[in-house]
Amino acid sequence: MASDMVAVTLHNLSFASNGSLEPVARKLPASLKVERLRLMVKQLFGLAPHQQQLSVRQYKGAVPTLMDEDAASIGYFGAVDGADIFINEAKE
């Protein structure tokens, strides 16, 4: 289980949230489903799951990958140690 854990930094970029805009570091299982990540983001930053647009960047300079499939794991989208996960407000 420990080898399945990845250290990521969550970056809240949404001014519509009720939470802090300070980055939050977490160790998460690579098998964590995006739908569960959305619930965690709601608890941390106060942004409802349907309002979230999540993306992951594996390393500085890489293009972020949109995490648009709730049933997929964060590992599927490329979350690795040191990755950044960005929380934006979804366009409706």
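The values are calculated or read from the model by the stated rules, or taken from the named source; none is laboratory data. Since this is a predicted model, take the numbers as computed values, not measurements. Positions of Cβ are backbone-derived with ideal geometry, glycine not excepted, and every protein chain shown enters the neighbour counts. Ligands, DNA and RNA are excluded from the accessible area calculation, which covers all protein heavy atoms including side chains. Shrake-Rupley method; radii C 1.70, N 1.55, O 1.52, S 1.80 Å.
Send over a whole-number figure in Å² for the accessible area per residue of the chain, probe 1.4 Å.
Counting only protein heavy atoms, the per-residue value for the chain is 58 Å².
DSSP finds beta bridges in the chain, and of those with both partners inside it, around 75 percent are antiparallel.
Counting only protein heavy atoms and using a 1.4 Å probe, what share of the accessible area of the chain belongs to carbon plus sulfur, as a whole percent?
The nonpolar share, carbon plus sulfur, comes to 53 percent.
What do you reckon, how do 50, 11 stack up by accessible area (1.4 Å probe), largest on top? Show your work: numbers first, answer last.
Working: 50 135, 11 40 Å².
Listed by decreasing accessible area, they come as 50, 11.
Taking the Cα centre of the chain as the origin, how large is its charge dipole in debye, to the nearest 20, when only Lys and Arg (+1) and Asp and Glu (-1) carry charge on their Cβ atoms? The dipole of the chain has a size of about 160 debye. With everything on Cα atoms, drop me the angle between helix 34-45 and the longest principal axis of the chain, reported from 0 to 90° to the nearest 10. Value to nearest ten degrees: 50.
Residues 47, 13 ordered from highest to lowest accessible area at a 1.4 Å probe: 13, 47. Across every direction, the projection of the convex hull enclosing the Cα atoms of the stretch 40-92 has a mean area of 4.0 nm².
Listed by chain and number, the aspartates and glutamates placed with their C-alpha closer than 19 angstrom to that of residue 42 are 22, 68, 69, 70, 84, 89, 92; residues fewer than eight positions away on the same chain are left out. Placing 60, 33, 42 in order of accessible area, with the largest value first and a 1.4 Å probe, yields 60, 42, 33.
The residue among 86, 10, 56 whose Cα reaches farthest toward the positive pole of the charge dipole of the chain, with charges on the beta-carbon of Lys, Arg, Asp and Glu, is 10.
Take every Cα pair under 8 Å in the chain that's 6+ residues apart, average their separations, divide by the length, and report that relative contact order as a whole percent. Provide the component values of the computation, followed by the final result.
Working: 185 pairs, mean separation 34.6, N = 92.
Rounded, it is 38 percent for the chain.
Using every pair of distinct Cα positions in the chain, the Kirkwood expression returns a hydrodynamic radius of 12.9 angstrom.
In units of the compact-protein estimate 2.2 N^0.38 Å, the stretch 14-67 shows a Cα radius of gyration of 1.16.
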